[in-house]
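The values are calculated or read from the model by the stated rules, or taken from the named source; none is laboratory data. Small disclaimer: the values here were computed from a predicted structure and weren't measured. Don't worry about glycine lacking a Cβ; one is built from the backbone with ideal geometry, like all the others, and counts go over all protein chains shown. These area figures cover heavy atoms from the full protein model, side chains too; ligands, DNA and RNA do not enter into them. Shrake-Rupley method; radii C 1.70, N 1.55, O 1.52, S 1.80 Å.
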Amino acid sequence: QFQLANSGGGLVQPGGSLKLSCAASGFALANYAVTWFRQAPGKERERVSCTNEGTRYSDSVKGRFTISRDNTKNTVYLEMNSLKPEDSGNYSCATGSFYFCSQTDVEFGLNYWGTGTLVTVSA
């Protein structure tokens, strides 16, 4: 059974940092492209990062967020620095068998979604 478990969220002050985890079970995450999405209340879901054939970041997080893999732990991370209140939201990782970071429809083909972890950036 393919599962993705997210963790690492929490309450942090503006300018602070968090490191989110996306731990896979039932399959080898190293063989898949992995994305991170976030969604704030009342806003559309946004892809913030993707890793497979290289790494991609949305303009809103570029230079502040870093996506990485630890294949020995079957886990992908999203390290978030210089956090802003507008970074608040529920963060989930996702993957799919035929997903590519370069595809135009960034949500097409995502078969597996993480459990989500809440990030709140507030003073």
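When residues of the stretch 63-90 are filtered for being over 24 Å from Val12 (Cα atoms), assigned to a loop (DSSP other than H, G, I, E, B) and either among the aliphatic types (A, V, I, L, M) or open to solvent by less than 70 Å² (accessible area, probe 1.4 Å) (or both), how many remain? Walk me through how you get there before you give the answer.
Initially, the stretch 63-90 is screened for residues over 24 Å from Val12 (Cα atoms), giving 70-74.
Still in the running and assigned to a loop (DSSP other than H, G, I, E, B): 71-74.
Now narrow it down to the ones that are either among the aliphatic types (A, V, I, L, M) or open to solvent by less than 70 Å² (accessible area, probe 1.4 Å) (or both): 74.
Looking only at that region, the number is 1.
Considered as a group, the residues in the stretch 91-123 that are farther than 21 Å from Ala5 by Cα and free of Cβ contacts under 8 Å to residues at least 60 places away in the same chain include one that is most open to solvent (accessible area, probe 1.4 Å), and that residue is Thr104. Residue count for the stretch 12-34, restricted to those that are among the hydrophobic types (A, V, I, L, M, F, W, C), within 22 Å of Ser122 (Cβ to Cβ) and within 17 Å of the chain's Cα centre (by Cα): 2. A single entry from Cys50, Cys22 fulfils the requirement of being hydrophobic (A, V, I, L, M, F, W, C) and in contact (Cβ under 8 Å) with a residue 60 or more places away in the chain: Cys22. Screening Lys73 against (1) under 25 Å from Thr104 (Cβ atoms); (2) at pLDDT 95 or above leaves a single unmet condition, (1).
Name the residue that is least open to solvent (accessible area, probe 1.4 Å), counting only residues in the stretch 7-47 that are assigned to a strand (DSSP E or B) and among the charged types (D, E, K, R). Of everything passing the filter in the stretch 7-47, Arg38 is least open to solvent (accessible area, probe 1.4 Å).
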